[in-house]
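Reviewing the structure listed below.
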Amino acid sequence: MGKYVIITDSSSDLSKEFRLENNVDYAKMTINWTEKDGTTREEFASIDWDVLSIKEFYDILRNGIRIFTSQITEENYLNTFVPHLEKGEDIIYLACSSGLSASLKTAELLAEGQLKERFPDRKLW
């Protein structure tokens, strides 16, 4: 195996410093909720808390609003995986359990389909 990158997802608990030091990237899940005024919000689930602060996140919950997570979209996987594959990096993907999210199935379908066709010399585990 040549040069590789480790990619995880928003369910991981790795600090930004650790990810930078160890060449770990992540694919972002999304979170969504409906404000009391009926406005629907959707944001990336950032493990660096740079979209919503921890306080903002828990204030939403304290106000009785449920936050839902969504699986990683095909587009988001491609936006995360393709730049690494284009640089000639293989990918080791450490995902949220398939029992908790359908995201892994989407990643598997991409890895065996269009990514394998587009990057036949790259490996995606």
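In a reduced charge model with +1 at each Lys and Arg Cβ and -1 at each Asp and Glu Cβ, the stretch 30-70 shows a dipole moment near 220 debye about its Cα centre. For residue 120, the shell of other residues with beta-carbons less than 13 Å away shows a net charge of 0, using +1 for Lys and Arg and -1 for Asp and Glu.
Qualifying chymotrypsin sites (Phe, Trp or Tyr not before Pro) in the stretch 1-86, where qualification requires a DSSP coil assignment and no more than 15 other C-beta atoms within 10 Å, comprise 49.
Each stretch of four or more DSSP H residues adds -39500 (n - 2.57); spread over every residue of the chain, this sum gives -9500 deg cm²/dmol at 222 nm. Summary: within the chain, the longest segment free of trypsin sites (Lys or Arg not before Pro) located in DSSP loops with at most 10 other C-beta atoms within 10 Å is 88-125. Using only side-chain charges placed at the Cβ, +1 for Lys and Arg and -1 for Asp and Glu, the dipole size of the chain relative to its Cα centre rounds to 180 debye.
Just so you know, all these numbers are worked out from the coordinates, no wet-lab data involved. Everything numeric in this text was worked out from a predicted model, so none of it was measured. A quick note on method: Cβ atoms are made from the backbone with ideal geometry, for glycine too, and the neighbour counts reach across all protein chains shown.
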